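Participant: Below is the structure I would like to discuss, written out as structure tokens.
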Amino acid sequence: MPSAADPRHPIRAVMATEFWHGSTGRALAQGLRGAGWDVAEVDLGAYLGRAHGLIHRIANRLLTGHGIAAYNREILDHAARVEAEVLVTVKGSYISAETLATLQARGVRTVNFYPDVAYNHAGSSPEAYARYDQIVTTKSYHLDHLRETYGAERTGFVHHGYAPLVHSRRHGDNVPYRWDISHIGNFSPYKFDYMLAVARAFPDRKIAVIGNGWAGPAQGTELERHILGYPLVGDYFARAIEESRINVAMHHGPVPPDGWQDVTSTRTFEIPASGGFMLHIDNDEVRSLFVPGEEIDVFADAASLCERIGHHLAHDDARHRIAAAGHARCVPAYSLDARAAELAAHLTARGIVRATP
């Protein structure tokens, strides 16, 4: 093993997840490189087809098993080629327990960085979760469950963050606003009730609801004409934030099977990093990260959401000051570069990877 004092020998890692522009995986990999690691990427997206239309969906189902097997083989092959010391994944979808066991038998440590609300995604596996040397969650409410299930020594916590190469300001002080009010996120009944109240309270304002699943539930309601109808990702996601006067940040609501409910998410950091004014669902965790009334604002229910929107639409200068202060608080302290450094420090402290200079 190379000496920890020798900078010619960085941590050798394989990272297996999705790497689309703006994803946690892509930004975390770049952050780990900034922390002094060498990272070889195995992109899950290259092994799972994208199905559009019935024939393609049928073919995709038939080929998915082959793609998953190829993905796991490529993880093992990459690890062997680069003599990896550690595998890092985001969520761990479709990585099998057998692949993890093979890596561990070769001396490769395994880490799951988990940035989502529940542990029941497609491709998830309780047997695989039980194999990881470390599960590091971005959800504070996961910790008791993880410690009880896997042991405190195998679990950790690092906050969400934003992707610095994507979530940034473009316009400075001269923003060409497209919308007065926006919400970016996939449909849930919990969020629908809030946004329907907003549409009813502000019938003459430009409102955008951006994400998957909204069109059907919104049909025939006051919200229907505000549904964009498709998601925005990467640079276009960041511009939608910056070009909205008020960005409503809320989460899915209770999620089965455990009934967990988000208090922060990637959106909590992406909105201020992109220069947006953030109106966030109120809770103690977001208050520990930003100062309400100075760096963001908060709401507790539909009535207070609408009241706060009306207030901030009527006070442009104050809203701009708050957005600027939120941006300064977030950038660069809450970036995935910073989170990667925290993750690397945690893994070093737990003995998962070597200390590096």
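The values are calculated or read from the model by the stated rules, or taken from the named source; none is laboratory data. Because the structure is predicted, anything quoted here is derived from the model rather than measured. Glycine gets a Cβ as well: all are built from the backbone with ideal geometry, and neighbour counts include every protein chain shown.
Participant: Considering Glu295, Glu270, which residue is more than 20 Å from Lys191 (Cα to Cα) and either at pLDDT 95 or above or in the same structural domain as Gln104 (by TED's automatic domain parsing) (or both)?
Facilitator: One residue alone meets the criteria, Glu295.
Participant: (1) over 22 Å from Ala152 (Cβ atoms); (2) of a type outside the set (Phe, Trp, Tyr); (3) part of a loop (DSSP other than H, G, I, E, B): which one isn't true of Arg131, the others all being true?
Facilitator: All conditions are met except number (1).
Participant: Consider Glu270 carefully, then state whether it is of a type in the set (D, E, K, R), assigned to a helix (DSSP H, G or I) and crowded, with 20+ Cβ neighbours inside 10 Å.
Facilitator: yes
Participant: Oh, and also: Before we move on, is Val331 closer than 30 Å to Ala197 by Cα, buried (at least 18 other Cβ atoms within 10 Å of the Cβ) and in contact with a Ser or Thr (Cβ under 9 Å, 6 or more places away or on another chain)?
Facilitator: No; evaluated as a whole, the condition is false for this residue.
Participant: If you check every pair at least six apart or on different chains, which have Cβ atoms under 8 Å apart with a residue in the range 196-225 that is closer than 23 Å to Ser304 by Cα and in contact (Cβ under 8 Å) with a residue 12 or more places away in the chain first and a residue that is in a strand (DSSP E or B) and among the small types (Gly, Ala, Ser) second?
Facilitator: Short answer, once both residue conditions are applied: Ile207/Ser182; Ala208/Ser182; Ala208/Ser244; Val209/Ser182; Ile210/Ser182.
Participant: Looking at the structure I just gave you, is Ile309 farther than 22 Å from Phe192 by Cα and either part of a helix (DSSP H, G or I) or touching a strand residue (DSSP E or B) at 6+ places or on another chain (Cβ under 9 Å) (or both)?
Facilitator: Criteria not met by Ile309.
Participant: Restricting attention to strands (runs of 3 or more DSSP E) lying wholly within the range 172-254, give those where 1 or more residues are farther than 30 Å from Tyr141 by Cα and not aliphatic (A, V, I, L, M).
Facilitator: Correct list: 179-184, 244-249.
Participant: For the range 62-93: of the residues being crowded, with 19+ Cβ neighbours inside 10 Å and among the hydroxyl-bearing types (Ser, Thr, Tyr), which is farthest from Tyr119 (Cα to Cα)?
Facilitator: Once the filter is applied, the top-ranked residue is Tyr71.
Participant: Given the structure, is Ala201 farther than 29 Å from Asn174 by Cβ, touching a Gly at 6+ places or on another chain (Cβ under 9 Å) and hydrophobic (A, V, I, L, M, F, W, C)?
Facilitator: no
Participant: If you don't mind, there's one more thing I want to ask. Go through the range 142-189 residue by residue and tally those that are among the aliphatic types (A, V, I, L, M), surrounded by fewer than 19 Cβ atoms within 10 Å (Cβ to Cβ) and in contact (Cβ under 8 Å) with a residue 12 or more places away in the chain.
Facilitator: 3
Participant: May I pose another question? Of all the residues that make up the range 320-348, how many are part of a helix (DSSP H, G or I) and either within 23 Å of Thr24 (Cα to Cα) or polar (S, T, N, Q) (or both)? It would help to see each step written out before you state the result.
Facilitator: Taking the range 320-348 first, the residues part of a helix (DSSP H, G or I) are 320-330, 336-348.
Still in the list and also either within 23 Å of Thr24 (Cα to Cα) or polar (S, T, N, Q) (or both): 326-330, 336-348.
Number satisfying all stated conditions: 18.
Participant: Just need a number here: residues in the range 129-158 that are closer than 19 Å to Thr264 by Cβ, in contact with a strand residue (DSSP E or B) (Cβ under 8 Å, 6 or more places away or on another chain) and not aromatic (Phe, Trp, Tyr).
Facilitator: So the count comes out to 12.
Yes or no, residue by residue, for (1) at negative phi; (2) among the polar types (S, T, N, Q); (3) surrounded by fewer than 20 Cβ atoms within 10 Å (Cβ to Cβ):
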| position | (1), (2), (3) |
| --- | --- |
| Met195 | yes, no, no |
| Asp204 | yes, no, yes |
| Asn212 | yes, yes, yes |
| Pro217 | yes, no, yes |
| Glu222 | yes, no, yes |
| Ala238 | yes, no, no |
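Participant: Ok, one more. Could you tell me whether the range 281-290 includes any residue that is more than 24 Å from the chain's Cα centre (by Cα), among the hydroxyl-bearing types (Ser, Thr, Tyr) and outside the structural domain of Asn112 (by TED's automatic domain parsing)?
Facilitator: No.
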